[in-house]
1. Just to confirm the filter: which GluC sites (Glu not before Pro) across segment 273-351 are DSSP coil and have at most 11 other Cβ within 10 angstrom of their Cβ?
2. Contour minus end-to-end for residue 403 and residue 278, with contour as 0.36 nm per residue of separation and end-to-end as the Cα-Cα distance?
3. At a Förster distance of 25 Å, what's the computed FRET efficiency of residue 342 paired with residue 58, Cβ-Cβ distance as r, to 0.05?
4. Karplus couplings for segment 275-290 from phi (6.51 cos²θ - 1.76 cosθ + 1.60, θ = phi - 60°), rounded to Hz, Gly and Pro as x?
5. Quick one: which residues, 5+ away or cross-chain, put their amide H under 5 Å from the amide H of residue 405? H built at 1.01 Å from N.
6. For segment 245-258, what does the Karplus curve 6.51 cos²θ - 1.76 cosθ + 1.60, with θ = phi - 60°, yield as ³J(HN,Hα) per residue in whole Hz, taken in order and with x for Gly and Pro?
7. Taking loop as defined by DSSP and a crowding limit of 15 other beta carbons within 10 Å, which trypsin sites (Lys or Arg not before Pro) in segment 208-279 fit?
Amino acid sequence: MTDTTHPARWRAGILAATLIAGGGGYYLGQRGDAPAAPAKSADGCEALYYYDPMFPQQKFDKPGKSPFMDMELEPKCADGGAAATGAAQGVSIDPSAMQNLGIRIVPAQMESLAATLNVTGTIDFNQRDVAIIQARSGGFVSRVYARAPGDVVRAGTPIADVQLPEWGGAQTEFLSVKRLGRPDLTAAARQRLRLMGMSDGLISGVERSGRTNGTITITSPISGVIQTLDARQGVTLGAGQTLAQVTGLGTVWLNAAVPEAQAGAVRIGQSATATLTAFPGETFGGRIIAILPTAQADSRTLTVRIELANRGGRLRPGMFAGVALGGDARPALLVPSEAVIRTGTRTIVMLAMGDGRYHPAEIRTGREGGGQTEIIGGLAVGEKVVASGQFLLDSEASLTGIEVRPLGGAK
């Protein structure tokens, strides 16, 4: 007799195992141990996690209030977007949180801007105000005065007494011709004395006294500082030999180092203002008189020469000065300099789009001065930019992949 109970038992065992497995899966699913599907955000995107835009490195698995800021957590969607922050919408910030973030918004406006370039420089002698004191003919130094290099002297200060035998002989001939009573010959003899280097006062003195004077006192023709002094008592002189060199101090040069990249911003005649630590609170005005034709290879700077009046001789060569080179004021589209973000590859600002939304825009800048920057491309008059807190917004825009508005995209 055939046993038919074994196939029936086998089928019953398989059915029981299936029911147990199904029931166990249902039980585990009810307990939450089964893998959960990605959560849905308010706009239907699949949120991978939630985050605070101000602290994007911290991730949360549920929506709610940020523990760091008084604002709702943002969902990071599976497609790389965000529920309330998209490439077209910009960064969204709750208006109530703007004060906590320190966000300040200003409009781009047309105003007058006088650009100022701040550089440094040193005081130097005015090399155009130099007097060379020489011997007009051969002789020797009979007397020297208490002078030394570095002494500051006034015009007319005696330097040395020099005896010139040639002058004595020429004066004797002049007196002999004068006794002849021939005005034409006397005039010719007087002109010869002038050509030898004698002053009209010396010639008149010889003519009045009738006595020769071959010893003259060499004086400084200008006020300034003695740079070199070769007059020593008893020294024999040749015609044209230099006795001293005096450099004037009425004006000085301020040699300012201007970066090569700013060379186009300076010109001859441009105004300049200097400040020195030696005289706090004082400014010294002048103008650019020369831009030297060569650049310093080591510092990549141009030397700009500024002439300053030196009243009282207070400006001394070698002093260090801060220099502000002013430009002509002209209308320009301006935003606060602090609103400009320079990334190294481009320059951007954060635009306030309204309703708490912000969007980055690329710009091209020009002159700067007085805390303002000229915008020569990328912005239109009246567009509002973020002047404080913009770096936080720029970081969020980069994190969420918001495209920067290109140049030429201004409204």
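1. Counting only loop positions with at most 11 other Cβ atoms within 10 Å, the GluC sites (Glu not before Pro) in segment 273-351 are 282.
2. Values: separation 125, 0.36 × 125 = 45.00 nm, distance 5.19 nm.
That works out to 39.8 nm of additional length.
3. 0.30
4. 10, 10, 5, 5, 10, x, x, 9, 10, 10, x, x, 9, 6, 10, 6
5. Here 361, 362 satisfy the definition.
6. Result, rounded to whole Hz: 10, 10, 10, x, 10, x, 9, 10, 9, 10, 8, 9, 9, 9.
7. 211, 232, 267
A short reminder: the numbers here are calculations on the coordinates, not readings from a lab. Since the model is a prediction, treat every value here as computed from it, not as a measurement. All Cβ positions, even for glycine, are placed from backbone atoms using ideal geometry, and neighbour counts span all protein chains on display.
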